[in-house]
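K.L.:
Starting off with a structure, shown below.
The values are calculated or read from the model by the stated rules, or taken from the named source; none is laboratory data. Note that this is a predicted model, so its numbers are computed, not measured. Don't worry about glycine lacking a Cβ; one is built from the backbone with ideal geometry, like all the others, and counts go over all protein chains shown.
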Amino acid sequence: MNLSVEGRPLDESRLLEQARNGDVSAYTELVRAHQGVALRVAYLVLRDAAEAEDATQVALVKAFRALDRFRSGAEFRPWLLRIVRNEALNSRRGADRRAGLALRAASDPVLGDAAPSPETVVVQRDERRQLLEAVEGLPERLRDVIEFRYFLGLSEAETAQALGVAAGTVKSRSARAIERLRLSARILSDE
Amino acid sequence: MNEPNVEAALRDLAEGIDWPSPVDFTLRLQDEGPLRKASRPRLAWAVAVLALVLVVLSVPSARQAVANLLDVAGIRIEFGNPPSLPPPRELAPGQLVDQAAADAAVDFPILKPDVLEPPGSVYLLRADVGTQVFLAWAASDQLPEVGGSGIGLLLAEFRADLDEEFFTKIVSGGTTVDRVMVDGVPAFWLSGAPHVFMFQTGPREHTEDGTRLTGNVLIWEADGITYRLESNLSLDESLRIAGSLAP
């Protein structure tokens, strides 16, 4: 799925204005541009596809109702994603253990045109699994930043808005998380 | 992994994750019409707010104050005379738990003041809109009792919701509100006459907050979490405690 904002309508501000005036069609156009990443935000919190769908849908309705509080000139996507994340967090049982993220079976990377050897595929698959486990083992504050920056492809500024923290906090947490992951990778490669 | 480019590996990893299948929410929103339904409560809510404003405007002392409306994430502060002020009662902020249970029940780190001993009691209050943590310190020489509750200081922590106003606080004419700063973020200091907290448990549903004391209140938000510190301490003392919060 392409989660980039390149396909975002250029007249998003116009759609926002129409949506704020109650235009449902304009709002659904905005939703169409961001629904993919919105669902993934909810999934990262809930780790359950059905619950993530429910939370996303509720959040999309809430966002529509909250549009009159949206600040003109602000970025819509991180504002929407913050609402989705809050809805997912609120629907999550605090003490529940989250399921881990899984890799798709056919997700092995293809390097160049040449088909990798079976041994290479096995090694790469193992490295990806180890990296994912290392991300899952990060403290939640660091993991949130890694997920939003790298798994969802948000900028530092968008991540800051979506998580409700300062941009400098995103930068410092991201640096700390990357350093930890790099250290984990070194330790694993030395074993 | 050899000396890795972790950032590139993370980006590569993203598309390998077993994400849920795409969902076209636009069809659901259009077919089921929740957006059209959503606009009706908004109108009803506006009518309710207008009614409240009209009631408040009928009280001369509140006319000037009603012009001011301050918002902290998760808290809405309205000026006006509360319809009725409930009598003081024993503090009952949810379920008494130990610190470990509180830590497990919320998804944010529970901060405690470095300048105080650990809290005497920890409470959880679960509502539809989220779970709140209350840390309570018994009254002492350093923490004067608030409102006959036996409590000297009460610190509430909860995740603010951008969409739902978690609380509505109705402030009587005798209460003053000052803008202050806690660790560089804006905060509000409410002092003076008693006030009432109301939970917002749904779009148009409110219930009285059983944690009401009658002390001075410092409210601020940091990292998406709203903090409410209530005591009979001075502003300076409250700011000192607020500024010392740490995991």
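K.L.:
Tell me, yes or no, whether segment B:171-189 has at least one residue that is at pLDDT 85 or above and touching a Phe, Trp or Tyr at 6+ places or on another chain (Cβ under 9 Å). Reasoning before the result, please.
P.N.:
Let us first name the residues in segment B:171-189 that are at pLDDT 85 or above, namely none.
Looking through segment B:171-189, none of the residues is at pLDDT 85 or above and touching a Phe, Trp or Tyr at 6+ places or on another chain (Cβ under 9 Å).
K.L.:
Which pairs have Cβ atoms under 7 Å, sit 6 or more apart or on different chains, and link a residue in segment B:147-159 that is under 30 Å from A:Ala162 (Cα atoms) to one that is buried (at least 22 other Cβ atoms within 10 Å of the Cβ) and of a type in the set (Lys, Arg)?
P.N.:
Close Cβ pairs (under 7 Å, with a partner that is buried (at least 22 other Cβ atoms within 10 Å of the Cβ) and of a type in the set (Lys, Arg)) amount to B:Ala156/B:Arg228.
K.L.:
Just a yes or no: is a residue in segment B:98-112 at pLDDT below 85 and among the aliphatic types (A, V, I, L, M)?
P.N.:
no
K.L.:
Take the residues in segment A:161-170 that are touching a residue at least 24 places away in the same chain (Cβ under 8 Å), more than 8 Å from chain B (Cβ to nearest Cβ) and among the aliphatic types (A, V, I, L, M); name whichever of them is nearest to A:Val84 (Cα to Cα).
P.N.:
Once the filter is applied, the top-ranked residue is A:Ala162.
Every residue, every condition in (1) surrounded by fewer than 14 Cβ atoms within 10 Å (Cβ to Cβ); (2) more than 7 Å from every other protein chain (Cβ to nearest Cβ); (3) at pLDDT 85 or above; (4) touching a His at 6+ places or on another chain (Cβ under 9 Å), yes or no:
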| residue | (1), (2), (3), (4) |
| --- | --- |
| B:Asp18 | yes, no, yes, no |
| B:Ser21 | yes, yes, yes, no |
| B:Phe25 | no, no, yes, no |
| B:Gln30 | no, no, no, no |
| B:Lys37 | yes, yes, no, no |
| B:Pro41 | no, yes, no, no |
| B:Ala46 | yes, yes, no, no |
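K.L.:
Go through segment B:95-140 residue by residue and tally those that are without any contact (Cβ under 8 Å) to a residue 24 or more places away in the chain and not aliphatic (A, V, I, L, M).
P.N.:
Narrowing segment B:95-140 to residues without any contact (Cβ under 8 Å) to a residue 24 or more places away in the chain: B:99-101, B:103-104, B:117-118, B:120, B:137-140.
Checking which are not aliphatic (A, V, I, L, M) leaves us with B:99, B:103, B:117-118, B:120, B:137, B:140.
Total satisfying the criteria: 7.
K.L.:
Could you give every pair whose Cβ atoms fall below 9 Å, whose first residue belongs to segment A:142-159 and is within 8 Å of another protein chain (Cβ to nearest Cβ) and among the small types (Gly, Ala, Ser), and whose second residue is part of a helix (DSSP H, G or I) and surrounded by fewer than 21 Cβ atoms within 10 Å (Cβ to Cβ), counting only separations of at least 6 or pairs across chains?
P.N.:
Every condition considered, the pairs that remain are A:Gly153/B:Arg11; A:Gly153/B:Ala14.
K.L.:
Another question, if that's okay. Given the residues A:Val61, A:Val37, A:Val41, which is the only one that is buried (at least 16 other Cβ atoms within 10 Å of the Cβ) and over 18 Å from the mean Cα position of the chain (by Cα)?
P.N.:
Sole residue among the options that is buried (at least 16 other Cβ atoms within 10 Å of the Cβ) and over 18 Å from the mean Cα position of the chain (by Cα): A:Val61.
For every residue, the table says whether it meets (1) out of contact with any Leu (no Cβ under 7 Å at 6 or more places or on another chain); (2) assigned to a loop (DSSP other than H, G, I, E, B); (3) of a type in the set (A, V, I, L, M).
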{"residue": "A:Arg149", "(1), (2), (3)": "yes, no, no"}
{"residue": "A:Gly153", "(1), (2), (3)": "no, yes, no"}
{"residue": "A:Ala157", "(1), (2), (3)": "yes, no, yes"}
{"residue": "A:Gln161", "(1), (2), (3)": "yes, no, no"}
{"residue": "A:Lys171", "(1), (2), (3)": "yes, no, no"}
{"residue": "A:Leu183", "(1), (2), (3)": "yes, no, yes"}
